[in-house]
Amino acid sequence: MLTIRFVPAAESGKAPEALALGVAPGGQQLASARIADADGLVTRALAGRHRFKGDEDDVLPVLTASGWLVLVGMGPPEERDAKRLRRIGGNLFAELADSGIVRLDLSLDVSSEDAAELAYGMCLRAWRPPARYRSKPDPDEAWSLVEVVVATPDPALAEARFSQLAAVAVASAWARDLVVAPGNELNPDGFCRQLDRLADLGVRVEQVDPRQAGLTLLQAVGQGSSIPPRLVMLRWQGGEREDGPLVFVGKGITFDSGGIDIKPWEDMEEMKGDMAGAAAVAGTIHALAARHAPVNAVGVLVIAENMPSGRATRPGDVVKSYAGLSVEIVDTDAEGRLALADALAFAAATCRPALMVDLATLTGAVEVSLGRHRAGLFTADDALAETLFLAGEAEDEPLWRLPLTDAYDEALKSSIADLRNCSWGHDPDALHAARFLQHFVPDGLPWAHLDIAGTSEAEEDGPLAAEGPTGFGIRLLVHLVEDRCQG
Amino acid sequence: MKISFAKASQPAEGALVISVLEGRKPSPTARQLDEKTDGLITRAMAASRFEGKKDQTLLLVAPNGLEVQRLLLVGLGKPEDVDVQAAEGWGGMVMAQLQAAGDEVVTIAVDAIEGCSLAADHLAAHVAFGARLRSYRFDKYRTKEKTEEKPSVGKVVIMLDEHSAAKRRFSVLDGIAEGVFMTRDLASEPANVIYPESLAERAKSLADSGVDVEILGEKQMRKLGMGALLGVGQGSERESQLVVMRWMGAEDENAAPVAFVGKGVTFDSGGISIKPAANMEDMKWDMGGAAVVIGVMKALALRNAKVNAVGVVGLVENMPSGSAQRPGDVVTSMSGQTIEVINTDAEGRLVLADALWYTQDRFKPQAMIDLATLTGAIIISLGDRYAGLFANDEDLAARLMAAGKEVGELLWRMPLDDPYDKQIKSDIADMKNTGGREGGSITAAMFLKRFVKDTKWAHLDIAGVTWAKKDGSVTPKGATAFGVRLLDRLVAETYEQK
């Protein structure tokens, strides 16, 4: 990760390799920029650059006789909240990553807390796939920028805040590593090995064998693979012993071929990312543990590989679930809801949850519905919906509530079992899936389902993540935990 | 079918409908009848699974001594759950059960219900309304239907003591039903009968009800610079039309109107970006939004609503031909903004772009609501029970949601955020007309938003709810007219002088 240091404003006086200065809309220079402009340098750099408006996504690097001068659009002061500062940081990193600049000094005239947020944004953006999948480095991806020195009024304060945020950035980078890992490396065994590192942070990692625990739906999803499925519990005990934990459930299909209902070949390699929900949950627990969060939280990961084979589940198979409801599996490619159904019922029965939130790359329908900007939020609990929605807005992981309704129950009726797992060819599938899951959550338990199929990976570069995995959900869930700890 | 209201008595013919509350509690009329028939109703309930739950029915042959032929018991559920929608469902249920049972006269006894918030006359009016709405049939093209296949019921009598109060209430609802039926007729008509000019002609009939109707042809639209709308229609032999309907019912005739704008693609083949053949016949109802606007204008006029309302519908036929619009064409809209037409099958937004601009430009409405069967994506998003609601104003959105809930035409709010706007950036023009598969309904709404200035505006994507594949409580399968009752309700609650 990027090295970030906070220093007192005075220290960063002598000509650095690259100096970043803030400019607000209308070309208005912030204090440090004005000082640097004593000889008119900044004004000359801005002259004629009409595209540089001082907005949050404007970065203008210019080479001067005394080194690099980087003008950074800071947006209007009244809008300079944590979210904007992270975006400014992220855009700044993206712009300079391969500029040749090795060390960047920031003199952006923001408070110590804001400096931490800005640096956090840079760290979030500074992720790329691990190099180990290549035999030699890709010259197009040579990043020069490794060190950022931030001038700030109170370095200790900034450092304290940043260390909290950096814990999330580290967790997010780890989760992205997991998502981008190919299916032959990150199969159910490989995923479980990765989770062992959480033990070093004080997380109790426990593997559950679906056959022994009666997680028959999870077993049905994973039985076609030569590597057996697993349910993994990640327990973080940071709160009072008797407090019921917050339970986060993640879908972890390490590769989803569709099974016997195999998917079309086009883009099928993307299905190595069908465990992004589980990665986000693991990342969340990682962040909470690293921060010693005063809360009890349990991550429940359902990990399986969905493969066609001689022992794979067949369309039409009926399985009696952990919860007792029988399910006719009419589509082996609607497997996420099956694995999650058992996980939700199992977690509710064994964890005494105060609250359950599941994350899953569940349906293609939610991409059609909400695109890649917002994830689908389903819950019967209005207060929880509001809390999650606001957390998403604050963290730049926006959600949108969609109906959790019995209006389409007809679609989930089976002619032979209690339920079927989807309604072939009938819309709206994201709503069907959410409603299906609801059958496996006890009444009265606050529960929300996040369908992150559209947001777990970005198709184009954004301020906090380049094209590729985003770690969507981690910041949101950590925010939710913070809210509850404060509330 | 004729609906009338009469004082409680013993009907002399046909079928008599009586109600039973949950727990097998008969209404007063049912109890009287039970006594008169030595406990027939009590025995019948005991012999069946009929418990008086909502939507349960039990059909009995009337015993000797009664003049009617049949008795229909209708379950109403719990008294506190009997609301306006339940009353309408009750009337609808009666029609579903008896419409083709052979009786010419159906008498529905509506008793006051203890523990129900609605008085008997209020209930009765909505029972009648539900029966009326459910009785709709579009059968003009059946030339050989046998008598026994046709509905037998010619007359529905609602029987209650407060019959004149009920009748007064119903006369308002009946106007709305007329609007609903007009909308259903228009959407059901095949595209060789309903094309832009003939649809405009139908709209013209609203003049009989006091609506001012104005029709603009291609020449006038060209003069106005409506290049987006005209581009869609240029492949068709039929001339595109823009119909402007004005109902000035407010005391102050200068009061800013509420405006309704409808997409009226009378047939949507997709144009050069032609659709697959399967189910293409459904595209005759791609003018569903326009049909709703025409229907609601009719309803407002018939019930003499004290409001100024404007309805604007853009009518085009989207056909492939030697003169059709090509993918890649750039058109200039009335607003001056240019559009690259990537997909000629994303045509509804092109029509609306000009219709919306024209409406706000000319009428400066206090609020503008458009309805359109706009995207397949909304069906994947919300299915056939909710229409998508997009709005630039929180208050208008809340009022629309509430109105929808009251009449059982449900809306679900969808996002309208700037990040979606980048999906419709064009390499060559101000925007392109499709943003791809992801968030397809949202990018369509973002496109429309570019043609709305500072007017309070809402867009209803009704592609999933305009045509029902199966019968609903007050809507037979087929054209639903979703939106007419909702907008009528919105006007009554928000824009009408009390």
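The values are calculated or read from the model by the stated rules, or taken from the named source; none is laboratory data. Everything numeric in this text was worked out from a predicted model, so none of it was measured. Please note: Cβ atoms are built from the backbone with ideal geometry, for glycine as well, and neighbour counts cover all protein chains shown. Note: areas computed on protein heavy atoms with side chains; ligands, DNA, RNA excluded. Shrake-Rupley method; radii C 1.70, N 1.55, O 1.52, S 1.80 Å.
On average, how many beta carbons from a partner chain sit within 10 Å of the beta carbon of a residue in B:378-391?
Mean number of neighbouring Cβ atoms from other chains: 5.
Name the residues of segment B:438-457 whose accessible area, probed at 1.4 Å, falls by at least 40 Å² once all protein chains are in place instead of their chain on its own?
B:438
Taking every Cα atom in segment B:262-313, find the radius of gyration and the maximum pairwise distance Dmax, and write them in Å.
Using the Cα atoms of segment B:262-313, the pair Rg, Dmax is 15.0, 46 Å.
When the convex hull of the Cα atoms of segment A:186-486 is projected onto a plane and the area is averaged over all directions, what value comes out in nm²?
That works out to 14.3 nm², a quarter of the Cα hull's surface.
Hey, can you grab everything whose amide H is under 5 Å from the amide H of residue A:64? Only 5+ residues off in sequence or another chain; H modelled, so Pro and N-termini drop out.
Result for residue A:64 returns A:69.
Please state the relative contact order of chain B as a whole percent: Cα pairs under 8 Å, 6+ residues apart?
Relative contact order for chain B comes out at 15 percent.
Could you give me the percent of Cα pairs per 5 Å distance bin for segment B:213-343, shortest bin first, beginning at zero and ending with the bin that holds the maximum distance?
2, 11, 17, 19, 18, 13, 10, 6, 4, 1, 0
For segment A:3-159, take the alpha-carbon Rg, divide it by the Kirkwood Rh, and send me Rg/Rh.
Over the Cα atoms of segment A:3-159, Rg/Rh equals 0.97.
Please report the Cα spread of segment A:290-339 along all three principal axes, rounded to whole Å, starting with the longest.
If we take the Cα atoms of segment A:290-339, the spans are 46, 25, 15 Å.
Using 1/(1 + (r/R0)^6) with R0 = 35 angstrom and r between the beta carbons of residue A:111 and residue B:437, what's the FRET efficiency to the nearest 0.05?
Calculated value: 0.20.
To make sure I understand the rule: partners must be lysines, Cα under 16 Å from the Cα of residue B:155, and not fewer than 8 residues away in the same chain. Which ones qualify?
Partners within reach: B:2, B:7, B:167.
Round to a whole number: what % of the accessible area of the protein assembly as shown belongs to carbon and sulfur, probe 1.4 Å?
48 percent
With Kirkwood's inverse mean 1/r over C-alpha pairs for Rh, give me the Rg to Rh ratio of segment B:362-498, two decimals please.
The Rg/Rh ratio comes out at 0.99.
Among the listed pairs B:219/B:284; B:53/B:298; B:150/B:306, which have their C-alpha atoms separated by more than 29 angstrom in this model?
Distance filter (> 29 Å) returns B:53/B:298; B:150/B:306.
How do the peptides B:163-171, A:36-44, A:359-367, B:144-152 rank, highest first, by the average count of neighbouring beta carbon atoms within 10 Å per residue?
Sorting B:163-171, A:36-44, A:359-367, B:144-152 by mean packing, highest first, produces A:359-367, B:163-171, A:36-44, B:144-152.
By what distance, in whole Å, do the Cα atoms of segment A:73-118 stretch along each of the three principal axes, largest value first?
Here the spans come out as 33, 16, 14 Å, largest first.
Give me the Kirkwood hydrodynamic radius of segment A:214-325 in Å, from all C-alpha pairs, to one decimal place?
Result for segment A:214-325 stands at 15.4 Å.
What order, most packed first, do the peptides B:200-206, B:173-179 have when packing is the mean number of other Cβ atoms within 10 Å of each residue?
Ranked by mean Cβ neighbours within 10 Å, highest first: B:173-179, B:200-206.
In whole Å, what three semi-axes, largest first, describe the equivalent ellipsoid of segment A:43-126 built from its Cα gyration tensor (square root of 5 times each eigenvalue)?
The three semi-axes for segment A:43-126 are 20, 16, 11 Å.
Just to make sure I understand: if all protein chains stay in place, what is the order of A:373, B:459 by accessible area at 1.4 Å, largest first?
The ranking, largest first, comes out as A:373, B:459.
Enumerate the whole-percent occupancy of each 5 Å bin, from 0 to the last occupied one, for all C-alpha pair distances of segment A:39-86.
Computed distribution, short to long bins: 5, 19, 27, 20, 15, 10, 3.
What list of ³J(HN,Hα) values in whole Hz, one per residue of segment B:407-419 in order, does the Karplus curve 6.51 cos²θ - 1.76 cosθ + 1.60 (θ = phi - 60°) give from phi, with Gly and Pro shown as x?
Rounded to whole hertz, the list is 9, x, 10, 7, 10, 10, 6, 10, x, 9, 9, 4, x.
How much solvent-accessible surface does residue A:313 expose, in Å² to the nearest 10, with a 1.4 Å probe and all protein chains in place?
10 Å²
Can you run phi through the Karplus equation (6.51, -1.76, 1.60; θ = phi - 60°) for segment B:430-445 and list ³J(HN,Hα) in whole Hz, with x for Gly and Pro?
5, 7, 10, 8, 9, x, x, 6, 7, x, x, 6, 6, 5, 5, 5
Give the shape of segment B:341-383 as rounded, prolate or oblate, defined through the alpha-carbon gyration tensor: a ≥ b ≥ c are the square roots of its eigenvalues, a/c under 1.5 means rounded, and otherwise the shape is prolate if a/b is larger than b/c and oblate if not.
The shape class here is oblate.
How shielded is A:370-377 by partner chains, expressed as the average number of their Cβ atoms within 10 Å of its Cβ atoms?
Whole-number average of other-chain Cβ neighbours for A:370-377 is 6.
Taking N as the number of residues in chain B, what is its alpha-carbon radius of gyration divided by 2.2 N^0.38 Å?
Normalised Cα radius of gyration, chain B: 1.05.
What total accessible surface area, summed over both chains, is buried at the interface between chains A and B, computed with a 1.4 Å probe and given in Å² to the nearest 100?
Chains A and B together bury roughly 1900 Å² of accessible area.
With N set to the number of residues, divide the alpha-carbon radius of gyration of segment A:329-441 by 2.2 N^0.38 Å and report two decimals.
1.08
Once you average over the residues of A:94-105, how many Cβ atoms of partner chains fall within 10 Å of each Cβ?
For peptide A:94-105, the averaged partner shielding equals 0.
Loop-only chymotrypsin sites (Phe, Trp or Tyr not before Pro) in segment B:390-422, please: DSSP not H, G, I, E or B, and at most 16 other Cβ atoms within 10 Å.
Sparse-neighbourhood loop chymotrypsin sites (Phe, Trp or Tyr not before Pro): none present.
Residue B:432: which lysines have alpha carbons under 18 Å from its alpha carbon, excluding same-chain residues fewer than 8 sequence positions away?
B:422, B:449
Suppose each label sits 7 Å from its Cα in the direction of the beta carbon; what would the residue A:39-residue A:78 distance come out to in nanometres?
Taking the simple label geometry, residue A:39 and residue A:78 are separated by 3.9 nm.
Taking the alpha-carbon distance from residue A:272 and a cut-off under 21 Å, which lysines remain once sequence neighbours fewer than 8 residues away in the same chain are dropped?
Once the sequence-local lysines are set aside, what remains near residue A:272 is A:251, A:263.
Over segment A:186-486, what is the relative contact order in whole percent, taking alpha-carbon pairs under 8 Å and six or more residues apart?
Relative contact order for segment A:186-486 comes out at 21 percent.
For segment B:1-76, go through all pairs of different Cα atoms, get the mean of 1/r, take its inverse, and jot down that Kirkwood value in Å.
Taking the inverse mean of 1/r over all distinct Cα pairs, segment B:1-76 comes out at 12.7 Å.
Which number do you get for Rg(Cα) / (2.2 N^0.38 Å) in segment B:98-248?
Compactness ratio reported: 1.44.
Enter the accessible area per residue of chain B (Å², integer; probe 1.4 Å; all protein chains in place).
Value for chain B: 40 Å² per residue.
Run through every distinct alpha carbon pair of the protein assembly as shown and return the Kirkwood hydrodynamic radius in angstroms, one decimal place.
The answer is 31.5 Å.
Beyond 24 Å, what share of the Cα-Cα pairs of segment A:136-251 remains, rounded to the nearest whole percent?
49 percent
What accessible area per residue, rounded to a whole number of Å², is obtained for segment A:186-486 using a probe radius of 1.4 Å?
On a per-residue basis, segment A:186-486 sits at 35 Å².
Taking a 1.4 Å probe, which of B:426, A:226 shows the most accessible area, and what order do the others take after it?
Largest accessible area first, the residues go A:226, B:426.
Please turn the phi angles of segment A:422-428 into ³J(HN,Hα) values with the Karplus equation 6.51 cos²θ - 1.76 cosθ + 1.60 (θ = phi - 60°), one per residue in order, whole Hz, x for glycine and proline.
Once θ is set to phi - 60°, the couplings for segment A:422-428 become 6, 10, 2, x, 10, 8, x Hz.
Could you put B:417, A:274, A:81 in order of accessible surface area, largest first, with the 1.4 Å probe and the full protein assembly present?
A:81, B:417, A:274
If packing is taken as the average number of other Cβ atoms within 10 Å across a peptide's residues, how do B:296-304, B:323-331, A:52-60 rank, most packed first?
B:296-304, A:52-60, B:323-331
Report the label-to-label distance for residue B:343 and residue A:135 in nanometres (one decimal), using points 7 Å from each Cα along the Cα→Cβ vector.
Inter-label distance under the simple model: 4.3 nm.
Determine Rg/Rh for segment B:189-280; Rg is computed over alpha-carbon atoms and Rh is the Kirkwood hydrodynamic estimate from the same atoms.
Result for segment B:189-280 is an Rg/Rh of 1.04.
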